[in-house]
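A quick write-up on the structure given underneath.
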């Protein structure tokens with residue numbers, strides 16, 4: 001099974017660039033803090049603590065050279081896992097929050113990806129609790145960079161403090177510009193958050209695990225062919241699911257909802273995409289044929305081919 005999982009071609013559709021930065025790389029970027037202290041940052045009492053840690057990592061990325069380095073390191077790790085295609089989420093909203101110039105940072109990211117064997121597209125992500133105008137600016141940045149591989153607009157952050165209902169106009173603008181649409185939903189809030197993301201026009205749902213609580217929602221996801229980007233380790237580490245036994249991966253799959261496995265923030269959650277497939281096999285009883293189907297979903301539901 002280990003060889004099978006490694007050799008199987010894979011795609012990753014829910015993967016945050018900033019969440020891929022290893023403590024050793026943070027130390028390389030800023031040796032004023034020890035590796036052990038950086039590792040301690042990657043420990044979370046709850047979901048809000050994780051969001052704060054994500055902000056801490058973002059602050060350590062000071063400019064184009066830093067972003068280029070973490071991009072190269074991430075793509076090396078993906079290539080080693082036989083990930084052939086990745087849609088990498090770039091926290092453009094965090095760059096704006098830091099009052100940095102996004103253009104040279106994105107240039108550095110793109111240049112770092114040029115020679116990678118992994119085919120890459122980009123999703124620019126807004127921080128939903130920062131409000132409508134903030135996400136609108138991210139949407140404009142995304143629309144301007146489609147020729148450079150940006151395929152979608154997403155929203156992340158706190159579902160509670162940034163309800164999806166705020167962003168209807170922004171998502172309509174993004175769609176009119178030719179961008180695809182995705183949203184984190186049903187991670188720290190219930191099925192109503194997933195419904196709201198669907199109302200926005202989201203074509204994929206980041207996490208969406210709480211959909212399991214609503215049979216009508218499961219039917220809607222199945223009939224509309226809207227995939228859930230499932231990240232098992234992430235859900236456990238942030239505490240939105242209390243144990244592997246409680247995780248709804250198998251129930252969602254058995255309900256016929258389209259599923260894609262992802263690592264989310266692999267450095268911050270100490271996991272890899274291969275680990276997620278291994279969990280699916282070991283803890284949830286997925287067969288090789290089912291795992292192959294999940295891997296194929298990663299290419300099938302990609303926003304711009306695999």
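A short reminder: the numbers here are calculations on the coordinates, not readings from a lab. In this text the structure is predicted, and so the values were computed from the model without any measurement. Positions of Cβ are backbone-derived with ideal geometry, glycine not excepted, and every protein chain shown enters the neighbour counts.
A few notes on this one:
- Distance from the stretch 264-299 to the stretch 27-69 (C-alpha centre basis), Å: 26
- Cα-based Rg / Dmax (Å) for the chain: 17.8, 53
- Volume of the Cα convex hull of the stretch 101-220, divided per residue and given in Å³: 110
- Order of 226, 259 under a 10 Å beta carbon neighbour criterion, fewest first: 226, 259
- The listed peptides 209-222, 102-115, 227-240, 65-78, ordered by packing as a protection proxy, come out as 227-240, 65-78, 209-222, 102-115 (highest mean of other Cβ atoms within 10 Å first).
- Stretchable slack from residue 146 to residue 30, in nm (0.36 nm times residue separation minus alpha-carbon distance): 38.5 nm
- Exposure proxy ranking for 263, 176, 188, based on other Cβ atoms within 10 angstrom of each Cβ and starting from the fewest, stands as 176, 188, 263.
- For 36, 99, 192, 199, order by how many other beta-carbon atoms lie within 10 Å, fewest first: 99, 36, 199, 192
- Taking all Cα pairs closer than 8 Å and separated by 6 or more residues, the relative contact order of the stretch 158-299 comes to 17 percent.
- Projected label distance in nm at residue 223 and residue 300, using a 7 Å step from Cα toward the beta-carbon: 2.0
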